[in-house]
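The values are calculated or read from the model by the stated rules, or taken from the named source; none is laboratory data. Everything numeric here is computed off the predicted structure, so don't read it as measured data. Every residue, glycine as well, gets a Cβ built from its backbone with ideal geometry; the counts of neighbours run over all protein chains shown. When the accessible area is computed, the model is the full protein with side chains, heavy atoms only, and any ligands, DNA or RNA have been set aside. Shrake-Rupley method; radii C 1.70, N 1.55, O 1.52, S 1.80 Å.
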Amino acid sequence: AAFVYGPYISTVLVTAGEMINLLVMFGMSRKLGRPFVAQCLRGRMRQVDQAIAESRYGTIFLLRLLVLFPLRFLDLGFGLTKISLTKYFLISLLATPPRIFVVQFFWSLGMDTVVNPEKFADYLSAHPGAMALMFGYLIFSVAGVVVLRRRSRKTARPPEPAPEQPRP
């Protein structure tokens, strides 16, 4: 789409397609996959639901924003949990367009420019705004991964035992 419509219109079109895909994948996963996964996990599904329920909006936002995580897997995975479709859809509606814009912007340059390091470097040096966009997204992505790792470590730690009370 980026080759034909450019980065702006293709971002709108691809985002609309991704939101429709989200509804279909999330719905299929919720309806067909959740009972199967709950049966396979044998009672541990409550732990998964609790972890997702305790997750902040920012965690879901970062997962949707970072290119590192395929959107299909996120839609299927969150469909298996008890997160509401409305909550997931609204967070996704905010996080998905910036991610798609970055990808569409670079696709609009043409494959020859993106895969050829010299042409890509020439393009970035001639267009400092594009360079700022690329590095800004890169820095934000790295920071997002660091935040996600810290949050996962905090939730993965076992609770500390209560201090023993002296006996009379």
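Of the conditions (1) modelled with pLDDT under 80; (2) open to solvent by less than 30 Å² (accessible area, probe 1.4 Å), Leu66 fails just one. Which one is it?
(1)
If you scan segment 92-105, which residues turn out to be modelled with pLDDT of 90 or more and either under 23 Å from Gln50 (Cα atoms) or among the β-branched types (Val, Ile, Thr) (or both)?
Hits for segment 92-105 are Ser92, Thr96, Ile100.
Can you name every residue in segment 37-63 that is open to solvent by less than 50 Å² (accessible area, probe 1.4 Å) and either touching an Asp or Glu at 6+ places or on another chain (Cβ under 9 Å) or among the charged types (D, E, K, R) (or both)?
Scanning segment 37-63 gives a single hit, Asp49.
Quickly run through segment 69-78 and pick out the residues that are at pLDDT 85 or above and either over 14 Å from the mean Cα position of the chain (by Cα) or not in a helix (DSSP H, G or I) (or both).
The answer is Pro70, and nothing else.
For segment 21-42, enumerate the residues that are of a type in the set (A, V, I, L, M, F, W, C) and under 16 Å from the mean Cα position of the chain (by Cα).
If the condition is that a residue be of a type in the set (A, V, I, L, M, F, W, C) and under 16 Å from the mean Cα position of the chain (by Cα), then Leu22, Leu23, Met25, Phe26 are the ones that fit.
Residues are listed down the side, and each one gets a yes or a no for (1) open to solvent by less than 100 Å² (accessible area, probe 1.4 Å); (2) within 30 Å of Met111 (Cα to Cα); (3) aromatic (Phe, Trp, Tyr):
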site: Tyr5; (1), (2), (3): no, yes, yes
site: Tyr8; (1), (2), (3): no, yes, yes
site: Thr15; (1), (2), (3): yes, yes, no
site: Arg30; (1), (2), (3): yes, no, no
site: Pro35; (1), (2), (3): yes, no, no
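Would you tally the residues in segment 98-128 being surrounded by 14 or more Cβ atoms within 10 Å (Cβ to Cβ) and either over 18 Å from Met25 (Cβ atoms) or among the aromatic types (Phe, Trp, Tyr) (or both)?
So the count comes out to 17.
Could you list, in sequence order, the residues of segment 69-84 that are open to solvent by less than 40 Å² (accessible area, probe 1.4 Å) and aromatic (Phe, Trp, Tyr)?
Phe78
Let's see how each residue does on (1) under 20 Å from Ala16 (Cβ atoms); (2) in contact (Cβ under 8 Å) with a residue 40 or more places away in the chain; (3) hydrophobic (A, V, I, L, M, F, W, C):
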residue	(1), (2), (3)
Pro98	yes, no, no
Phe101	yes, yes, yes
Leu109	no, no, yes
Asn116	no, no, no
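Can you tell me how many residues within segment 85-97 are in contact with a Lys or Arg (Cβ under 9 Å, 6 or more places away or on another chain) and open to solvent by 50 Å² or more (accessible area, probe 1.4 Å)?
Residues meeting the conditions: 2.
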